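Reviewing the structure listed below.
The values are calculated or read from the model by the stated rules, or taken from the named source; none is laboratory data. Not measured: the values here are computed from a predicted model. In this analysis, Cβ positions are derived from the backbone assuming ideal geometry, glycine residues included, and neighbour counts consider all displayed protein chains. To get the accessible areas, we keep the full protein, side chains included, count just its heavy atoms, and leave off ligands, DNA and RNA. Shrake-Rupley method; radii C 1.70, N 1.55, O 1.52, S 1.80 Å.
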Amino acid sequence: MKEINSSRYFIRKLNEGDYDDILKLMKGNPLYFEYYPPFPDKQDIIDDMYALPDGKTPEDKYYIGYFLNDRLIAVMDLIVGYPNKHTVFIGFFMTSSTIQNQGIGSSIITNLINNLKSPLDTLRLAYIKGNPQAEAFWLKNGFIKTGEEKTMSNDTAAVLMERKLTNSI
């Protein structure tokens with residue numbers, strides 16, 4: 001996968017130096033952590049930056065931030081080629097509470113889809129079961145439930161969703 005570009009946002013890989021900005025963004029989203037506790041500490045966030053599923057390498061991971069006017073407005077964790085070579089998995093996506101309900105999260109997802117090219121043909125994710133905000137967002141953005149659920153590390157159930165990419169070349 002090439003770098004993700006946007007004419008509206010500055011996008012770059014996040015690193016440990018971005019911890020304070022990531023934490024601030026997360027603190028504005030307490031509902032997420034009601035469904036998926038506990039609230040992360042610095043080490044949890046750093047661990048997520050480097051976490052990989054079996055068989056994947058650091059080159060397959062994009063823990064990226066979207067910036068608007070030098071302010072972090074969204075964090076996205078992508079794994080390319082997971083669970084198969086044609087799929088990109090969104091491991092985490094969160095927007096700043098200050099920009100929610102303005103269509104910006106949806107525009108970020110649209111931008112991601114427009115940047116994905118063949119052989120990538122599917123975008124996949126899991127949201128925490130019972131979180132109506134997450135479910136509504138992903139359904140609005142064209143994702144469908146696969147019928148699969150998985151148990152997360154803290155015994156929380158997650159619902160798998162995916163979206164076929166129609167613009168892949």
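Does PHE89 satisfy the criteria of being closer than 19 Å to LYS13 by Cα and in contact with a helix residue (DSSP H, G or I) (Cβ under 8 Å, 6 or more places away or on another chain)? Here the answer is no, as PHE89 does not meet what is asked. Give me a count of the residues in region 103-128 that are closer than 14 Å to ARG8 by Cα and either of a type in the set (Phe, Trp, Tyr) or not in a helix (DSSP H, G or I) (or both). Number satisfying all stated conditions: 1. Of all residues in region 58-78, those that are open to solvent by less than 10 Å² (accessible area, probe 1.4 Å), among the aliphatic types (A, V, I, L, M) and either in contact with a helix residue (DSSP H, G or I) (Cβ under 7 Å, 6 or more places away or on another chain) or closer than 19 Å to LEU139 by Cβ (or both) total 4.
Would it be correct to say that TYR127 is open to solvent by less than 50 Å² (accessible area, probe 1.4 Å) and over 20 Å from SER6 (Cα atoms)? Taking the combined requirement at face value, the residue satisfies it.
Would you confirm, using the coordinates I've provided, whether ILE79 is under 25 Å from ARG163 (Cβ atoms) and in contact (Cβ under 8 Å) with a residue 40 or more places away in the chain? No; evaluated as a whole, the condition is false for this residue. Restricting attention to region 30-64, the residues that are in a loop (DSSP other than H, G, I, E, B) and within 21 Å of ASP155 (Cβ to Cβ) total 9.
Considering only region 150-169, state which residues are under 14 Å from TYR36 (Cβ atoms) and either in contact with an Asp or Glu (Cβ under 9 Å, 6 or more places away or on another chain) or open to solvent by 70 Å² or more (accessible area, probe 1.4 Å) (or both).
Listed by number, the residues that qualify are LYS150, THR151, SER153, ASP155, ALA157, ALA158, VAL159.
Quick check on region 82-106: of everything there that is touching a residue at least 60 places away in the same chain (Cβ under 8 Å) and surrounded by fewer than 17 Cβ atoms within 10 Å (Cβ to Cβ), which residue is farthest from the chain's Cα centre (by Cα)? Here the answer is THR98.
Filtered by the rule that a residue be under 17 Å from ILE90 (Cα atoms), aliphatic (A, V, I, L, M) and touching a Lys or Arg at 6+ places or on another chain (Cβ under 9 Å), region 13-56 gives MET49, ALA51, LEU52. Scanning region 68-102 for residues that are part of a loop (DSSP other than H, G, I, E, B), within 25 Å of LYS27 (Cα to Cα) and at pLDDT 95 or above gives a single hit, SER96. Annotation: ASN5 fulfils all but one of (1) in a helix (DSSP H, G or I); (2) open to solvent by 50 Å² or more (accessible area, probe 1.4 Å); (3) in contact (Cβ under 8 Å) with a residue 12 or more places away in the chain; the unmet one is (1).
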